[in-house]
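One structure is given below, encoded as structure tokens.
Nothing in this text is a laboratory measurement; each read-out follows from the coordinates by a stated rule. Bear in mind that the values here come from a model prediction, so they are computed numbers and not experimental data. Note that we place each Cβ from the backbone using ideal geometry, even for glycine, and neighbour counts take in every protein chain shown.
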Amino acid sequence: MGVMDVRTVFAAFLPIFLLFTGSIVHANEIYAGSTVSFYFENCINMTVDILCSNTIGDGEFTLYPNCSLLNSTIHTQKWSCSCTNKYALEITTSPASRNNCTFIITYVERLLMPEKVVEYHHSSSDTIVKEPELINTTTIERVIYIPSENYTSNIEYLNETVQNLSKKIDELYNLTQELKQTTEPTEGGNDPKALAIVVLMIFILLVFLVKSPPQGR
Amino acid sequence: VKKLATPVLAVLLLLAGVGFAAITNLISNTVHVDVQTKTPIEIKFVDAGPNDDSVKVTIEGDNAITVDMYAGSTFYFNYTVTNHANNPIDRYPVVIVSSDKSFSAGLQEIQQIVYYDANYPDGLDITDMTYCVNEDGILTPLRECNTDGTATTVELFFDNNGDGEPQPYTITAGATWWYRIDVVTNPATAGTYTITYEEHFTLP
């Protein structure tokens with residue numbers, strides 16, 4: 001069996017393996033009559049669904065505080081809790097409870113963090129990026145605040161890039177100057193030897209024209 | 001197409017950014033907890049006797065004993081109760097006595113019951129505070145139990161305030177308490193008895 005065959009078999013069984021491992025439920029055993037607590041740092045709304053394998057008896061579960069039973073069936077209960085920040089949900093079971101249940105706690109969490117945005121000012125010639133500051137939400141153009149560490153690293157990277165570019169420009173400038181110095185004499189036309197050759201050629205041409213007899217008479 | 005791709009992408013990114021910014025502050029989460037409940041009260045017979053020539057007491061499991069004795073003998077059993085829950089629990093303990101023969105009216109087979117616990121290490125005669133529990137839950141004093149000569153099982157409750165109303169015995173969270181019951185039998189009766197201890201409980 002080749003390497004590809006092993007990979008193929010592994011790939012085929014991986015979803016089955018994940019499905020199998022995902023279906024394993026490790027139930028927490030608690031003594032009936034006990035209270036289990038769940039703490040929520042930020043919470044504005046909560047519903048609790050209780051699903052049990054055995055019949056849910058009257059008063060088998062009590063949820064506290066600010067919780068009310070919305071509906072119940074033989075095997076399910078749905079509770080609603082008016083939670084607040086730093087909310088501790090307490091679920092108390094009846095001492096007579098003999099059940100195997102799943103609590104599904106769904107809650108909405110409000111993250112209270114200041115909204116920092118970066119404000120851009122556009123002009124025809126340039127774009128100025130201001131320092132991050134707290135502005136109101138009516139700002140037309142805004143982006144998610146990036147922590148200062150990222151700015152620092154970005155600025156360092158940009159500085160390094162600018163320095164490299166400046167170095168390249170300096171090198172190109174020096175090279176240009178060298179080439180300019182090399183080619184300046186020929187471009188200027190002040191070479192005495194060339195001038196002498198040109199003058200000599202004109203002189204020879206004039207002598208040839210003068211000494212030649214007219215033809216056709 | 002290439003000319004349109006860049007502005008379309010920019011617009012999509014802008015919309016995605018605006019949408020993300022709008023929902024950043026509210027996050028919906030779900031917590032799954034699987035819980036299996038089991039009985040919070042553990043009852044255990046830890047000792048019984050005296051297991052001499054006149055009385056043979058055998059512990060059957062954690063909450064039952066069998067007594068084989070000569071009439072007129074005294075036997076005892078010692079048991080513990082543990083509350084494993086993290087809340088106090090109101091207990092209604094009952095003792096169920098079964099016999100291979102029918103009980104007499106007023107349960108004359110039982111001459112005296114003496115109760116011991118941490119508060120009564122020297123014992124307390126509770127014969128007159130012991131009640132039969134009828135099928136409707138009403139308590140009847142021991143000597144007035146309606147055992148018409150055919151009943152082979154009786155359920156007894158210790159009503160320590162003697163008002164005939166069942167009151168709970170609250171055990172604190174995590175506590176283990178011990179009890180001992182001494183039973184003096186009447187010489188006029190004989191037989192084999194099975195004594196089962198049960199507790200019914202609720203939250204306070």
> Could you give the length gained on full extension between B:THR152 and B:ASN86, defined as 0.36 nm per residue of separation minus the Cα-Cα distance, in nm?
Replying inline: 19.9 nm
> Taking amide H positions as placed 1.01 Å from N in the peptide plane, with prolines and chain starts having none, which residues 5 or more places from B:THR189, or on another chain, fall under 5 Å of its amide H?
Replying inline: B:GLY72
>> 7 Å from Cα along Cα→Cβ at both B:GLN167 and B:ASP68: what's the point-to-point distance in nm?
In response: 4.1
>> If amide hydrogens are placed 1.01 Å from N in the peptide plane, which non-local residues have theirs closer than 5 Å to the one on B:SER104?
In response: B:GLU109
> Amide H to amide H under 5 Å from B:ALA175: which residues, 5+ apart in sequence or cross-chain, H placed 1.01 Å off N in plane?
Replying inline: B:ASN83
> By the scheme Lys and Arg +1, Asp and Glu -1, what is the net charge of all other residues having a beta-carbon under 13 Å from that of B:ASN146?
Replying inline: -4
> Which of B:ASN29, B:GLY191, B:THR58 sits closest to the plus end of the dipole of chain B, meaning its Cα is farthest towards the positive end, when Lys and Arg get +1 and Asp and Glu get -1 on the C-beta?
Replying inline: B:ASN29
> Counting Lys +1, Arg +1, Asp -1, Glu -1, what net charge surrounds A:LYS78 among other residues with beta carbon under 15 Å of its beta carbon?
Replying inline: -2
> Relative to the Cα centre, what is the charge dipole magnitude of chain B, using +1 at the beta carbon of each Lys and Arg, -1 at the beta carbon of each Asp and Glu, and rounding to the nearest 20 debye?
Replying inline: 1880
> HN-Hα J couplings of segment A:195-201 from phi, Karplus 6.51/-1.76/1.60, θ = phi - 60°, integer Hz, Gly and Pro as x?
Replying inline: 4, 5, 5, 5, 4, 5, 5
>> Below 8 Å, C-alpha to C-alpha, sequence gap of six or more: please give me the relative contact order for chain B in percent.
In response: 30
> Can you work out ³J(HN,Hα) from phi for every residue in segment B:93-103, in order, using Karplus 6.51 cos²θ - 1.76 cosθ + 1.60 and θ = phi - 60°, giving whole Hz and x for Gly and Pro?
Replying inline: x, 9, 10, 9, 10, 10, 9, 7, 10, 6, 7
